[in-house]
Amino acid sequence: MQYIAPIGVGLLYALLMSLIREPHRRRFNAVMVAGAGAAYLSGGGLGGWEFAFTAVLTYVAYRGLDSWTFIGVAWLLHTAWDVVHHIKGNPIIPFAHTSSLGCAICDPVIALWCFAGGKTPKELVAWVRGARGRGAEPEAGLSGA
């Protein structure tokens with residue numbers, strides 16, 4: 001359950017965020033990942049590196065105001081930081097030893113949703129169907145002759 005629940009949390013996050021209309025959804029998610037970048041500051045487990053990471057993630061999140069790709073990259077950066085904290089023993093929630101591991105499992109789920117353009121479930125289904133349909137058709141101008 002320790003590994004499955006974070007996946008569910010990531011899916012629930014994407015589902016709830018889908019209720020926000022664009023372009024507000026993208027901007028709101030950029031702010032959310034910027035906040036996530038500062039989550040470890042109070043623990044200070046990695047000293048000054050906590051500030052350096054927060055600065056980098058804030059910049060990437062800022063770029064995410066106009067780009068789902070940058071938001072996805074920011075979530076993957078946060079994933080890496082979660083892994084470091086899990087290994088070093090400084091969890092994101094001090095009294096929950098595996099909380100950074102859970103976050104490291106959840107964040108890539110959110111990143112994948114961001115790389116898909118932060119679409120609603122209905123848009124995602126249409127996007128997947130369209131991508132599958134495009135793969136079956138020959139590209140324009142390539143007749144094979």
Task: Residue satisfying all of: in the range 82-112; part of a helix (DSSP H, G or I) and over 18 Å from Val33 (Cα atoms); most open to solvent (accessible area, probe 1.4 Å) among these - done: Ile87
Task: The lone exception for Leu46 - which of (1) open to solvent by 20 Å² or more (accessible area, probe 1.4 Å); (2) more than 17 Å from Ala116 (Cβ to Cβ); (3) modelled with pLDDT of 95 or more it fails - done: (3)
Open item on the list: For Ala39, only one of the following conditions fails: (1) surrounded by 14 or more Cβ atoms within 10 Å (Cβ to Cβ); (2) among the aliphatic types (A, V, I, L, M); (3) at pLDDT 95 or above. What is its number?
Closed with: (3)
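May I ask you to say which residue of Leu16, Leu112, Leu76, Leu65 is under 13 Å from the mean Cα position of the chain (by Cα) and without any contact (Cβ under 8 Å) to a residue 40 or more places away in the chain?
Details: Leu16 fails: under 13 Å from the mean Cα position of the chain (by Cα); Leu112 fails: without any contact (Cβ under 8 Å) to a residue 40 or more places away in the chain; Leu65 fails: under 13 Å from the mean Cα position of the chain (by Cα).
Matching residue, one of Leu16, Leu112, Leu76, Leu65: Leu76.
The values are calculated or read from the model by the stated rules, or taken from the named source; none is laboratory data. Here the structure is a predicted model, which means the values were calculated and not measured. Cβ sites come from the backbone with ideal geometry, for glycine too, and all protein chains shown count toward neighbours. In case anyone asks, the SASA skips ligands and DNA or RNA and just uses the protein heavy atoms, side chains included. Shrake-Rupley method; radii C 1.70, N 1.55, O 1.52, S 1.80 Å.
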